[in-house]
Amino acid sequence: MSMEIAGKLGRFSFGMGDRFAQQGRAQLAACAKALEAGVAITPVWNKSHREHAIVGSRPESVRREADEAVAALGWRGPYFVDADHIRLETVDAFLAPCDFFTIDVAESIGRPASPESLDAFCSDAGDCGGAFGLTRQRVREIAAKYLGAVQEAARIYRRIEGAKGRGQFVTEVSMDETDAPQTPDELLVILAALAREGVPADTIAPKFSGRFNKGVDYAGDVAQFEREFEADVEAIRQAVSRYGLPPRLKLSVHSGSDKFSIYPAIRRVLEKTGAGVHVKTAGTTWLEELIGLAEAGGEGLALAREVYAEAFAHREELCAPYAAVIDIDPARLPAPADVAQWDSQRFVAALRHDPRCPDFNPHLRQLLHVGYKVAANMGERYLQLVRACEETVSRNVTANLYERHIRPLFAG
Ligand SMILES: [Zn+2]
């Protein structure tokens with residue numbers, strides 16, 4: 001009987017994406033700094049099927065990167081490799097190397113469940129104890145919208161459980177990549193349905209209100225976000241006590257990088273309630289590679305300018321898959337001919353996410369965020385230069401994760 005590992009995720013966990021699998025050690029160093037400061041954060045390396053497809057990599061490469069980083073730094077705590085945003089048709093390639101699965105059922109929201117299963121759920125759930133003012137009628141409305149998606153999550157969960165064994169992986173259910181946010185009463189009904197379908201969710205990623213654009217700050221009403229986040233924590237507490245979901249169940253915040261203005265709100269709610277959280281970041285590290293290249297000057301800077309010129313030339317194609325999660329004003333993008341004249345300092349100032357810096361340009365930053373395909377197409381030429389500039393790159397990768405993310409969220 002092997003030991004259960006799902007419980008090792010802990011109260012605080014931090015998802016780190018790394019498009020090119022070069023920065024595992026620099027990323028882990030940020031969690032090591034948190035531990036030195038007295039806060040245990042479980043590192044999770046995440047990469048989606050979409051990222052693998054664009055970069056041309058395989059899920060095994062993330063496992064290798066994580067294991068190597070852990071060995072190199074002598075990390076003794078738990079760590080995970082996350083099959084990010086998988087579905088039934090993409091999960092198989094992730095089964096062996098991963099031990100954290102983000103089951104994405106956003107596309108199934110609104111897909112009707114059978115009338116029999118809807119009736120059965122509603123008769124069991126009743127009014128969910130009247131929490132959040134729920135009535136039988138409202139529970140039925142919510143179930144009509146989400147039960148099909150929950151049943152799809154259960155199908156995917158059972159596929160993973162069949163391959164890995166119960167308790168041998170972390171189960172995350174995500175519904176964030178959709179148009180409308182889920183309200184706390186919807187979250188409670190969704191969790192009731194997951195429990196009834198036998199999905200022991202460890203983390204759940206709803207869509208929150210406000211905009212979570214890639215690589216830039218939150219756009220929305222921060223006070224409203226805080227109320228909603230706290231109500232979601234309460235929905236989880238109720239679901240755990242009512243429906244027997246794992247007591248460790250916690251929220252997962254996707255597109256969590258760079259959302260500086262809501263970090264104090266998240267932290268207040270965690271302190272007040274004692275709840276845990278998983279915060280998932282992705283493209284942030286690739287942008288720090290570019291910053292490190294630019295900072296190094298010479299060939300590094302030349303490559304960073306070239307990446308921008310290519311991204312600018314192909315901006316429509318690069319932005320299309322991410323249209324729902326970026327807001328780029330083309331008129332605010334600098335001309336590549338101008339960027340070609342920039343020195344290290346000017347390039348770094350435009351790209352680094354320092355909202356107080358007058359040269360910071362969120363349009364350029366978002367374009368480069370989704371522009372990693374340009375570097376992927378450069379292949380070895382890009383990777384060799386990133387390795388050659390390791391000193392400036394890794395310093396930026398670690399400082400970004402620790403100073404701008406982990407510290408304000410968790411560590412003082
Ligand atoms: Zn997501």
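Summary of computed values
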{"quantity": "Sorted by Cβ neighbour density within 10 Å, fewest at the top, the residues 5, 109, 142", "calculated": "5, 109, 142"}
{"quantity": "Alpha carbon convex hull of the chain, volume per residue in cubic angstrom", "calculated": "138"}
{"quantity": "Antiparallel DSSP beta bridges within the chain, as percent of all bridges there, nearest 5", "calculated": "5"}
{"quantity": "Residue pairs, from the table 47/373; 8/250; 214/250; 164/373, whose Cα atoms sit over 21 Å apart", "calculated": "214/250; 164/373"}
{"quantity": "Estimated [θ] at 222 nm from DSSP helical runs (n ≥ 4, -39500 (n - 2.57)) normalised by residues in the chain, nearest 500", "calculated": "-15000 deg cm²/dmol"}
{"quantity": "Leading residue at positive end of dipole, region 306-359 (Cβ point charges), from 349, 326, 311", "calculated": "349"}
{"quantity": "Charge sum, other residues only, whose C-beta stays under 11 Å from residue 394's C-beta, Lys/Arg counted +1 and Asp/Glu -1", "calculated": "-1"}
{"quantity": "Protection proxy ranking, peptides 128-140, 168-180, 12-24, average beta carbon neighbours within 10 Å, highest first", "calculated": "12-24, 168-180, 128-140"}
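Coordinate-derived values only; no laboratory data. Keep in mind it's a predicted model, so treat the numbers as computed, not measured. Backbone-built Cβ (ideal geometry, glycine too); neighbour counts: all protein chains shown.
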